[in-house]
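The values are calculated or read from the model by the stated rules, or taken from the named source; none is laboratory data. Fair warning: this is a prediction, and the values are worked out from it, not measured in the lab. Quick note on the areas: whole protein, heavy atoms, side chains included, nothing else; ligands and nucleic acids left out. Shrake-Rupley method; radii C 1.70, N 1.55, O 1.52, S 1.80 Å.
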Amino acid sequence: MDTDLELRRRVEAEHEAWRAAGVASNGRRAMNPHRYRPAVLPEEPDGKLNVVDPDSRNLKTTRGYLQGYNAQALVGEGQIVLAAEISTESLDTGNLEPMVAKALEELAAVGVKERPGVALADAGYWLNDAIEKIINEHHIQTLVAPDADKRKGPRPGRRGGLYDHTRQILATEWGAQLYLKRQGQVEPVFAQIKSNRGFRRFSRRGRSAVRSEWRLLTATHNLLKLHQHHLQAA
């Protein structure tokens, strides 16, 4: 709650500075000051607090709102989990670049010097700044769907630049085949953990404890994959 309130205060302060200057950084003029009414923020965070697990959040899911966490996993070839993390946001957009950075950190820790060739993600992870940071700072190409599967035409307001470029790549046979690998790599991992192993909810409370539980689950997933690989080889 405190973090959310601080974010609202910062955003309001930035907006007030833009209004006072009369022009934005991109040259756009500010709104008429006579029509502007500054937001009145509360002194204390509003909303409800979960007394059982104050770190958790009320997240929007396909089944409605649920109190909990957003489990993240970055998966490589062979359905091996390279990085696992816990988010408290319903949206996945802010997790793409941190997950890639964490995967690189984990690979370096075990002596793997080879970098991933491309990062694949669904439309829920589309964020221009994150994609550009992965390309420019981590030197990894990305292929993130700019639109959900149900959308056939381009999204209004997103035309040009990276958006159009990605749509053009996905429209090619090579791009479509490459992007199909995402579904066959990451989706089975969540299906195996949830359906085959019967894990449906976290048992521990607090973000740190839940992160440990999630990483234990993904670590045992990797061990099971390794065990099956040895059985097949034998």
Beyond a 30 Å Cα-Cα separation, which of these cross-linked pairs lie in this structure: Lys60/Lys113; Lys113/Lys225; Lys133/Lys194; Lys60/Lys225; Lys113/Lys133? Lys60/Lys113; Lys133/Lys194; Lys60/Lys225
With every protein chain kept in place and ligands, DNA and RNA left out, what is the accessible area per residue of the stretch 98-234? Probe 1.4 Å, answer in Å². 66
Using θ = phi - 60° and the Karplus form 6.51 cos²θ - 1.76 cosθ + 1.60, what ³J(HN,Hα) does each residue of the stretch 176-193 get, whole Hz, x for Gly and Pro? 5, 5, 5, 5, 5, 5, 4, 5, x, 9, 8, 4, x, 5, 5, 5, 5, 5
If you roll a 1.4 angstrom probe over the protein chains with everything in place, what fraction of the accessible area of the stretch 187-231 belongs to carbon and sulfur, to the nearest %? 54
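Can you tell me how much longer the chain between Arg63 and Ser208 gets when fully stretched, taken as 0.36 nm per residue apart minus their C-alpha distance, in nm with one decimal? Spell out each step's value before the answer.
On the way: separation 145, 0.36 × 145 = 52.20 nm, distance 2.55 nm.
Result: 49.7 nm gained on full extension.
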